[in-house]
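Worksheet: one structure, shown below.
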Amino acid sequence: MTKNFINVVVAGATGYVGLDLVYLLSKHSKVKITNLCAQKNIGTQIKKIDKRIKKKLPKISKIHNVDWKKIDLLFLSLPNGEAQKLVKKLYYKYPKLKFIDLSADFRLENGIIYKKTYQTKHKAKELIKKSLYSITELKKDKIKDFRIVSNPGCYPTSIQIPLVPLLKKKIINLNNITIDSKSGYSGAGKNYKSKFNFKNFYSSTYAYAVKNHRHIAELDQELKKIAKNILYTFNPHLIPSFRGILSSIYIYKKKNVTVKKIVNTLKNYYKNDFFVNIHKPNTQIGTGSVIETNNCDISVCQTRLKNKIVIFSSIDNLIKGAAGQAIQNMNVLFSFKETSGLK
């Protein structure tokens, strides 16, 4: 039975993702925000930090103030490594409590790969198997079976939405796939300047982590479940824009497969999915039309080479790549309308 409303806690409420999450949740008719938790700005009204938030909400507090017996859902928008400790502490003690984690803590199914990728041992390995990695459009039939939902990374969201249906239908070649993704700098969090100290930050484009970006681990995990022999490279870039991701995916199509067939395959796969927009073949797209939305725009284009195509996929990294998708997962988890709070 669908509840009239749910009591929600946001941990990590003042980061870029956390603020978007609180802003969207504040407009959701089925959500009551009971606690906004952070390490700094204790006692501050969150609308003083984000002017978009008009609703009167609880002041920012420490997480130990929460009365967990009254809470239905905890959103975790914390640095990697922190969510797993909190979930471990609460999971068995409060069996009705559900979790949506926006960090990488429950994205990887293999604890050894997690340690290799994030250079730390997982503190709640026994709970990994009790979690679901969920791009909503790809996992909505399984979400209700789990209390821990792991929100995917922003780059992997933009990449898997166009690629997964084509891999399932076996209409593209698995070799020599090149994925070139460009993201606004908010993807690096509020401490982006300490992570990327290159010159002319706000007026330049910067390539980084060419061989070993952390998101490759979850891409490998999910894509190889469908096509174990897939070979691809992933090249991320930061661009002088606050929000948005544009992923360009270069693929060799199979013989007698047309651009139109690929477009129709994607349209059929996502025909019941409100947030995925498949454009006409060879449409020019960018991030401008998806900024501050939960949408994913996709365009399939023919290149100069007859058997090579490029698929453009654009999302807002903070919304469809994070906060919006978390709310979309919440809506499915609690049997709300999937688009609630997101249109």
Checklist entry - List, please: which pairs have Cβ atoms under 8 Å, are six or more places apart or on different chains, and start with a residue in segment 237-248 that is aromatic (Phe, Trp, Tyr) and end with one that is outside any loop (DSSP other than H, G, I, E, B)? => result PHE242/GLY184; PHE242/TYR185; PHE242/SER186
Checklist entry - Restricting segment 73-124 to residues that are among the aromatic types (Phe, Trp, Tyr) and more than 17 Å from the chain's Cα centre (by Cα), which is surrounded by the most Cβ atoms within 10 Å (Cβ to Cβ)? => result TYR114
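Given the residues SER77, SER61, SER29, which is the only one that is within 30 Å of LYS224 (Cα to Cα) and either assigned by TED's automatic domain parsing to the domain that holds GLN221 or small (Gly, Ala, Ser) (or both)? Full working, then the answer.
Working: SER61 fails: within 30 Å of LYS224 (Cα to Cα); SER29 fails: within 30 Å of LYS224 (Cα to Cα).
Going through SER77, SER61, SER29 in turn, the sole match is SER77.
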Checklist entry - Could you count how many residues in segment 169-199 are under 18 Å from the mean Cα position of the chain (by Cα), at pLDDT 95 or above and assigned to a loop (DSSP other than H, G, I, E, B)? => result 0
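With the structure loaded, tell me whether LYS59 is in contact (Cβ under 8 Å) with a residue 60 or more places away in the chain, surrounded by fewer than 19 Cβ atoms within 10 Å (Cβ to Cβ) and farther than 23 Å from GLU292 by Cβ or whether it fails that test.
Considered against the rule, which asks whether it is in contact (Cβ under 8 Å) with a residue 60 or more places away in the chain, surrounded by fewer than 19 Cβ atoms within 10 Å (Cβ to Cβ) and farther than 23 Å from GLU292 by Cβ, LYS59 comes out as no.
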Checklist entry - How many residues are free of Cβ contacts under 8 Å to residues at least 24 places away in the same chain and farther than 26 Å from ASN294 by Cα when one looks only at segment 250-276? => result 2
Checklist entry - If you take the residues in segment 40-51 that are surrounded by 14 or more Cβ atoms within 10 Å (Cβ to Cβ) and of a type outside the set (Asp, Glu), which one is nearest to LYS62 (Cα to Cα)? => result ASN41
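Residue-wise test of (1) over 16 Å from THR205 (Cα atoms); (2) out of contact with any helix residue (DSSP H, G or I) (no Cβ under 8 Å at 6 or more places or on another chain); (3) surrounded by 14 or more Cβ atoms within 10 Å (Cβ to Cβ); (4) of a type in the set (Phe, Trp, Tyr).
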| position | (1), (2), (3), (4) |
| --- | --- |
| HIS237 | no, yes, yes, no |
| SER241 | no, no, yes, no |
| LYS261 | yes, yes, yes, no |
| TYR270 | yes, no, yes, yes |
| ASP273 | yes, no, yes, no |
| THR287 | no, yes, yes, no |
| ILE291 | yes, yes, yes, no |
Next on the checklist: What's the number of the only condition in (1) in contact with a helix residue (DSSP H, G or I) (Cβ under 8 Å, 6 or more places away or on another chain); (2) within 20 Å of LYS169 (Cα to Cα) that LEU231 fails to meet?
Outcome noted: (1)
Checklist entry - Can we say LEU86 is of a type outside the set (Ser, Thr, Tyr), part of a loop (DSSP other than H, G, I, E, B) and at pLDDT 95 or above? => result no
Item to check | Candidates LYS123, LYS40 - the one that is basic (Lys, Arg), assigned by TED's automatic domain parsing to the domain that holds VAL22 and free of Cβ contacts under 8 Å to residues at least 40 places away in the same chain | outcome: LYS40
Checklist entry - Within the bounds of segment 212-224, is there any residue that is on the phi > 0 side of the Ramachandran plot and either surrounded by 14 or more Cβ atoms within 10 Å (Cβ to Cβ) or assigned by TED's automatic domain parsing to the domain that holds GLY184 (or both)? => result no
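Here's the yes/no breakdown for (1) polar (S, T, N, Q); (2) more than 23 Å from LYS142 (Cβ to Cβ); (3) crowded, with 22+ Cβ neighbours inside 10 Å:
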site: ASN256; (1), (2), (3): yes, yes, no
site: THR265; (1), (2), (3): yes, no, no
site: HIS279; (1), (2), (3): no, yes, no
site: VAL300; (1), (2), (3): no, yes, yes
site: LYS320; (1), (2), (3): no, no, yes
site: GLU338; (1), (2), (3): no, no, no
Checklist outcome for this item: Considering residues that are more than 24 Å from the chain's Cα centre (by Cα) and either charged (D, E, K, R) or modelled with pLDDT under 95 (or both), the number found within segment 52-72 is 10
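The values are calculated or read from the model by the stated rules, or taken from the named source; none is laboratory data. Small disclaimer: the values here were computed from a predicted structure and weren't measured. So basically every Cβ, Gly included, is an ideal-geometry build from the backbone, and we count neighbours across all protein chains shown.
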